[in-house]
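> Once you've had a glance at the structure underneath, I'll fire off some questions.
All of the numbers you see were taken from the coordinates with simple rules; none came from a lab. Predicted model, so just to flag it, every value in this text is computed and none were measured. Counting neighbours? That spans all protein chains shown, and the Cβs are built from the backbone with ideal geometry, glycine included.
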Amino acid sequence: MSQQVSYSAFDSVPSAFAVAGLEMRSHKGRSVVQVNLEGRVHYLKRYWLAGSQIFQRHVARGHHELRMIDWLNQHGFAGPSVVRRGASRCLGVYTKLYFLMEEIKDELPLESAWRKNPPGATQLLQELASFSAKLHESGFVHTDFSERHILVGGPAGNRTFRLIDVERANIGKASPRRIANDLATLVASIADHRLQSLVREDFLDIYIAQRSTLESGDEFRRLFKQARPTKSF
């Protein structure tokens with residue numbers, strides 16, 4: 001069970017770092033725990049300078065992730081719903097950073113959404129293709145674009161997609177090859193081979209048709225065939 005805490009626990013950086021919660025992931029310099037606030041599930045992400053890895057600057061990665069989240073939420077997309085955030089410095093250097101994210105009711109990771117309604121997988125895939133095209137057209141590349149990092153909400157025909165774990169994402173003029181790698185990552189993350197085939201075929205047709213800045217659909221198909229996932233699964 002996640003720990004029951006109040007919002008006052010996040011009034012300061014020291015108190016936010018004192019929250020225990022249910023550990024989800026933990027690495028040297030960063031962690032994610034699940035907590036319960038007022039009957040709703042939240043996820044607390046914390047970064048800190050680890051003495052043995054000071055030059056990796058985990059806190060800087062946390063700041064980058066927050067920038068990516070804010071960009072998504074301000075540009076017609078959806079990132080995590082951040083309800084509290086804070087950071088502390090020592091001698092002008094950020095040493096700790098946290099942000100608290102609220103879980104949105106009735107959203108499912110894409111990997112679960114497929115399984116919930118197998119007959120509707122084709123339509124879901126079509127909507128995901130349109131979303132992905134719009135996302136990449138805007139210059140946003142996730143770099144870890146996997147089915148576990150895409151949350152699906154809403155009814156068929158009017159679905160919403162929320163991106164999480166965007167600490168490796170980038171914004172700007174991305175090369176078609178990097179974007180193709182993003183899609184290759186999505187394919188590699190899908191365990192169902194039938195769905196993988198649909199992504200390589202029907203998904204790509206819809207995606208290319210909605211990418212107005214692609215110079216050549218045939219060239220992008222070639223890049224996609226040569227693309228390599230940015231993360232192994």
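> Which helices pass in the chain if a helix is a full DSSP H run, must span at least 27 angstrom along its long axis by Cα, and must have mean Kyte-Doolittle hydropathy not below 1.0?
For the chain, where a helix must reach 27 Å along its axis and average at least 1.0, there are no hits.
> For a label point 7 angstrom out from the Cα of His63 toward its Cβ, which stretches of the stretch 133-174 have the backbone nitrogen within less than 13 Å?
The answer is none, because no backbone nitrogen lies closer than 13 Å to the label point.
> For an R0 of 25 angstrom, estimate the FRET efficiency from the Cβ-Cβ distance between Glu201 and Arg168 and round to the nearest 0.05. Mind showing how you got there, number by number?
Numbers: r = 28 Å, r/R0 = 1.10.
Here the calculated transfer efficiency is 0.35.
> Continuing with the same structure: Might you report the magnitude of the Cβ-based charge dipole of the stretch 1-121 about its Cα centre, with Lys and Arg at +1 and Asp and Glu at -1, to the nearest 20 debye?
Details: 16 positive and 10 negative charges, 97 e Å.
Once rounded to the nearest 20, the dipole reads 460 debye.
> Taking 0.36 nm per intervening residue step and subtracting the Cα-Cα distance, what contour gain separates Lys134 from Ala156 on full extension?
Roughly 6.1 nm would be gained on extension.
> For a footprinting-style exposure proxy, rank Phe17, Phe220 by other Cβ within 10 Å, fewest first.
Working: Phe17 15, Phe220 21.
Least to most surrounded, the residues fall as Phe17, Phe220.
> So how long is each side of the stretch 1-156 along the principal axes, counting just the alpha-carbon atoms, biggest first, in Å?
Largest to smallest, the principal-axis extents are 54, 36, 27 Å.
> Cross-link list Lys96/Lys134; Lys45/Lys116; Lys28/Lys116; Lys96/Lys231; Lys105/Lys173: which exceed 30 angstrom alpha carbon to alpha carbon?
Details: Lys96/Lys134 34 Å; Lys45/Lys116 28 Å; Lys28/Lys116 36 Å; Lys96/Lys231 27 Å; Lys105/Lys173 34 Å.
Result: Lys96/Lys134; Lys28/Lys116; Lys105/Lys173 exceed 30 Å.
> Could you give the dipole magnitude of the chain about its Cα centre, charging the beta-carbon of Lys and Arg +1 and that of Asp and Glu -1, in debye to the nearest 20? Walk me through the numbers before you get to the answer.
Values: 32 positive and 24 negative charges, 159 e Å.
Dipole size: approximately 760 debye.
> I'd like the projected area of the stretch 108-226, averaged over all directions, using the convex hull of its alpha carbons. Report it in nm² with one decimal. All intermediate terms of the calculation are to be shown ahead of the outcome.
Values: hull surface 26.6 nm².
It is 6.7 nm².
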